[in-house]
Amino acid sequence: MENRINILQTEPEAYKAMSGLEKYLSASQLNPSHKELIKIRASQINGCAYCINMHTRDARKAGETEQRIYLLNAWRETSLFTEAEKAILALTEEVTLIQNKVSEKVYENAAKFFDANYLAQLVMMIVTINAWNRIAITCQLQPE
């Protein structure tokens, strides 16, 4: 499989705009572990090999354990994740798989763990990785 268009080369201003979201999120209050769990889980759901490869590597560098990374797609079946992390993962799944809405149950569960600013940052992280996944999949980016 070959790469298709290179958005950075073809539309650098669009890429710059996406990079602006990344810059904002890197300076946000979000816990590094929360960021990587979101990025990996959304990328798993979307089937983005490029992003799964990148973010599992980044998560390990940030101190995430191999076991938690391996079990992330079965997070409901293990006690390795905190209740707050489970709320983040449920929100990530519903936003990623969004059809008509994010359920009140999932949203309210996340809201009980995080203030409005942190919750807004979580939503922006989820939305941003979903956008990156769609770019990587459409352009057929290959894992390094």
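None of the figures in this text is laboratory data; all of them are computed from the coordinates on show. From a predicted model like this one, the values you see are computed outputs, not experimental measurements. Glycine also receives a Cβ, built like all others from the backbone with ideal geometry; neighbour counts cover every protein chain displayed.
Helix-only mean residue ellipticity at 222 nm, the chain, DSSP H runs n ≥ 4 weighted -39,500 (n - 2.57), per residue, nearest 500. What is it? Don't skip to the end; give the middle numbers.
Values: 8 runs with 99 residues, N = 144.
Rounded to the nearest 500, the figure is -21500 deg cm²/dmol.
Treating cross-link reach as a plain straight distance, find the aspartates and glutamates whose alpha-carbon is under 17 Å from the alpha-carbon of residue 23, omitting any fewer than eight places away in the same chain.
13, 36, 58
Compute the helix-to-body angle for 83-96: its Cα long axis versus the longest principal axis of the chain, expressed 0 to 90° and rounded to tens.
That works out to roughly 40 degrees.
Quick one: what are the phi-derived ³J(HN,Hα) couplings along the stretch 43-53, Karplus 6.51/-1.76/1.60 with θ = phi - 60°, whole Hz, x for glycine and proline?
Karplus-based 3J(HN,Hα) across the stretch 43-53 equals 5, 5, 4, 7, x, 9, 4, 4, 6, 4, 4 Hz.
Quick check: net charge around residue 128, other residues with Cβ under 15 Å of its Cβ, Lys/Arg +1 and Asp/Glu -1?
Every neighbour counted, the sum reads +3.
Need one number: nm distance between label points at residue 100 and residue 83, each 7 Å from Cα along Cα→Cβ, rounded to one decimal.
3.0 nm
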